[in-house]
1. Sort A:LYS255, A:LYS7, B:LYS84 so the one with the fewest other Cβ atoms within 10 Å of its own Cβ comes first.
2. Which whole-number percentage describes the relative contact order of region A:229-297, with Cα contacts under 8 Å and a sequence gap of 6 or more?
3. Using alpha carbons only, how many angstrom separate the centre of region B:112-178 from the centre of region B:16-56?
4. Specify, per residue and in Å³, the volume enclosed by the convex hull of the alpha carbon atoms belonging to chain B.
5. Could you calculate the contour length gain from A:LYS2 to A:LYS279, that is, 0.36 nm times the residue separation minus the distance between their Cα atoms, to one decimal place in nm?
6. What fraction, in whole percent, of alpha-carbon pairs in region A:113-199 exceed 21 Å separation?
7. Which ³J(HN,Hα) values, rounded to whole Hz and listed in residue order, are derived for region A:256-264 from phi using the Karplus coefficients 6.51, -1.76 and 1.60 in 6.51 cos²θ - 1.76 cosθ + 1.60 with θ = phi - 60°, glycine and proline given as x?
8. What is the extension gain from A:SER225 to A:THR167, computed as 0.36 nm multiplied by their sequence separation minus the C-alpha to C-alpha distance, in nm to one decimal?
Amino acid sequence: MKLIDIKNLTVRYRTFTALRDFSCEIEEGCTGLLGPNGAGKTTFLKTLLGFVTPTEGGGTVLGLNIATDGRMIRQSIGLMPEQECHIPGLTAVGYVAYAGELAGMPADQAIRRAHEVLEYCGLGEARYRNVETFSTGMKQRTKLAQAMIHGPKLLLLDEPTNGLDPTGREDMLSPIRDISHGKGVNVVVSSHLLPDIERVCDRVVVVMGGQLRTQGSIKDLKHLSGRPYDVDLREPNEQFIANLTQQGATVEALKYTSLRVITNREPSESVKLILETAKNCGARVRGLTPAERSLEAAFMEVINS
Amino acid sequence: MKNSPIADLSYRHYDGPLNGGATRWWSIAKLSIQLAMKKKGFWVWAVLSGYWYYILLAVFWFVESFIPSPVPGKHPLLSAIIWKDQFSNAFNISQLLLFVIALLIGTGTIANDNRANALLVYLSKPCTKLDYIIGKWMGVFIPITIVSLIPTLFFFAYGGLSFQEYGFISDWWLLPKLVLICCLPGALHASLCIGISSLFNQGRIAGAVYSGLFFLPWFFTKAMQVVYVVLSNNDNPKGKASLKFVGNLYYASMDGIQIGVSKAILNTGGSALFPGGGSPRGTQFVPIPPPNGTAITVIFIAICVIFSGIAWLRVRAVEVV
């Protein structure tokens, strides 16, 4: 099912066009929103929330029209903003419960639910402390709790691991991963940290210059054309390389004793060719895996293309 | 098993009841009121704001209980009291203290949200800009109105029970009129506070600006009051001719407007705080007549609308990423 379906969306701020003929489809699950600064991610999220009226085009979020159903969309969405956004003078439980009341929850339900989500986000012990006294990681998790208090179907998380140390990142990414896989909550994560996106997301949408650059699963994005394999040898073997080249394969040397082998054969045939050639040449194979590039390499290629 | 939590800490979807959109403003107002009530200063100034009523209560109770009437029948001192003017006087005197309360609870109402980026929390939830503005407005209006109303109603109840034979309730519309004038400070301060507060990122700066806006015309209008009394006690014909103009200038401040509307509602120019009031040098108390009721009401409403409009223009969905 399409969670977000945007068609030919154009958003202008007076003379500046922030999104130009932007179309994308985001499916259920966890999706990463990638793009350099000024790419149009801000405007995209603002448009989804109904803050910005599209100049042209439009779309739907959870089947609701972004141009006319802003309030209903926000009822079904939870936003975790990038900036600190606590309400001065409130404890964590008071703040999260208040967010629930703003979403329409009765006060008694909101306070009960606030305890639950704060516990889920790992703030059980600190929930009676004033949010202003929290560390950065705790503030981030409080923002996550306020976003999910009313049980939204879609969470928009903006730079959720910003400014966090490795432990804090893990504490933040674990619930995001958990909630977006098997809990019925869909998540869109906007982040510049590609390892974080790779850790929690299944798909990505890459935006640049107000236009969609690419979208799809991370697996597809990292996929290399030509069905290459990475072969890790025990020690260098020139004859192995020569024999493979003779049989029509392209061999590219990687780090240390690793090689990238590209054949134009079927996968099973390729594996058979590599292993038989190694056997004939006396090359000892330590590892054989289908080659893929890093998400960073894929992202840079998309951005630079 | 030993390390298992007592409760189920895994994520569960919320499928409980949800209120309609009409109650969102109340959630916002409720929090503003709760935060105001947490401030000790609010309680101190709230109690002090009714001090003139406490003085009146003490004086009237003392007169009634301990000063015997020199003539049989009604007590001449109490007979000379114009009761609605006592409400008018108490209302005038409470203005400065109600302003302090507004300064304390109102000027940071939107500015502090701006500073803490809290608008993102409000506007990313299913509440509209109108809910937010109304909630913030009510969050200032309700406490100030209650603070203004409680001593007024208490004095009304005391007077109604004790001094009915002295014409305390000569006008059966007095109670609705009193309720209406008690709403005036709340409405004006709420509108001014949200308008000014929305222009700044810090409550203190908003408070400083609001103080300036209040006190500069306040000093001017108090000076006009002195000028009015001096001109009234002077036989100069030119001075007499300019009395009306000077009298109108007396209402050209935040508290002056409220006093003007309250006088128009109560239909009184006011009288001395106590009968026979005047200075030892012979200057007699001269009440400033009420302004044109329609004009002052239009000005009052216009100020409320303009400053609420400023808040409406300034509050908007800010940067998300």
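No lab work stands behind these numbers, since they all come straight from the coordinates. This structure is a prediction, so every number in the text was calculated from the model and none was measured. Cβ sites come from the backbone with ideal geometry, for glycine too, and all protein chains shown count toward neighbours.
1. Sorted ascending by nearby Cβ count, the order is A:LYS255, A:LYS7, B:LYS84.
2. Answer for region A:229-297 is 48 percent.
3. Going from one Cα centre to the other spans 9 Å.
4. Dividing the Cα hull volume of chain B by its residue count gives 210 Å³.
5. Full-extension gain reported as 94.8 nm.
6. 24
7. With coefficients 6.51, -1.76 and 1.60, one gets 6, 9, 8, 10, 10, 10, 10, 10, 9 Hz.
8. Values: separation 58, 0.36 × 58 = 20.88 nm, distance 3.63 nm.
Extra length from A:SER225 to A:THR167 when fully extended: 17.3 nm.
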